[in-house]
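Bear in mind that the values in this text are calculations on the coordinates, not laboratory data. Just so it is clear, the structure is predicted and the values come from calculations on it, not from any experiment. Because the Cβ atoms are built from the backbone with ideal geometry, glycine has one as well, and the counts that use them run over all protein chains shown.
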Ligand code: GLU
């Protein structure tokens with residue numbers, strides 16, 4: 001694995017719903033958030049600027065609504081996200097407080113990033129927050145947009161934000177420990193640790209959405225995200241949350257997509 005963290009000043013870390021629910025079924029797992037925040041705090045201590053792109057609003061909204069699983073209709077998913085977003089942020093705030101790190105909530109849509117005026121505002125605010133030493137926590141504004149609920153679980157949003165603020169690295173955290181050359185459930189599937197030519201990846205042979213059924217992403221949207229950032233000259237690391245500390249220390253875990 002070849003992440004050279006010493007040359008990365010600005011890092012975007014995206015975490016999806018299925019990682020944040022971990023062993024807690026459809027509910028948020030506070031330990032998963034703490035584990036992620038531990039890594040972010042370490043990066044901040046090394047003076048790196050970090051932006052977190054986090055799903056989990058829908059998952060956090062399920063239990064207050066008395067739901068045991070993600071609803072199938074879009075409008076109830078959006079309603080659950082509205083209930084859960086504040087709770088998700090409260091959990092992040094509590095966890096970052098252990099390190100006296102200030103966080104902020106940034107809710108945007110893919111369309112905002114494509115719209116002149118909005119995009120300059122987003123860029124300006126994110127740069128300002130980073131300068132102030134804050135860790136911005138971005139999620140899709142699920143009342144307004146549904147791109148990432150329907151497809152991608154914020155993988156696409158994270159890729160666009162990474163290029164927008166010219167970060168040096170995008171880290172996509174996934175429940176699988178990296179990219180495999182076939183469905184990872186097949187015993188013969190082999191992990192690929194480095195991808196230098198993304199055009200050689202055959203997405204048809206890769207696995208589907210997250211195991212817990214609480215997110216909407218999958219390997220395909222991760223490869224699409226890798227295409228966007230590597231084309232912009234930025235590297236992308238795909239790793240599980242448990243392997244993240246080792247991956248950032250240069251261990252041979254996860255999959256690193258080299259910038260194009
Ligand atoms: N914005 C959604 C959430 O926070 C992410 C997409 C999803 O979970 O599908 O839950």
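Observations on the model:
- Whether region 20-176 is rounded, prolate or oblate, judged on the alpha carbon gyration tensor where a/c under 1.5 counts as rounded: oblate
- Placing pseudo-labels 7 Å out from each Cα toward the beta carbon at residue 119 and residue 196 gives an inter-label distance of 3.2 nm.
- Residue-span extension gain [residue 110 to residue 231] - 0.36 nm each, minus C-alpha spacing: 41.7 nm
- Sorting 89, 219 from the fewest to the most surrounding beta carbons within 10 angstrom yields 89, 219.
- Each label was represented as a point 7 Å from its Cα along the Cα-to-Cβ direction; for residue 164 and residue 7 these points are 2.7 nm apart.
- For region 30-87: rounded, prolate or oblate by the Cα gyration tensor [a/c cutoff 1.5]: prolate
- With a simple spin-label model that places each label point 7 Å from the Cα along the Cα-to-Cβ direction, the separation between residue 204 and residue 90 comes to 4.9 nm.
- Length gained when the stretch residue 128-residue 144 is fully extended (0.36 nm per residue, less Cα-Cα span): 3.3 nm
- Cut-off 20 Å (backbone N to label point 7 Å along Cα→Cβ of residue 151), residues of region 106-130: 108-115
- When 155, 186, 181, 73 are arranged by Cβ crowding within 10 Å, least crowded first, meaning fewest neighbours, the order is 73, 186, 181, 155.
- DSSP finds beta bridges in the chain, and of those with both partners inside it, around 15 percent are antiparallel.
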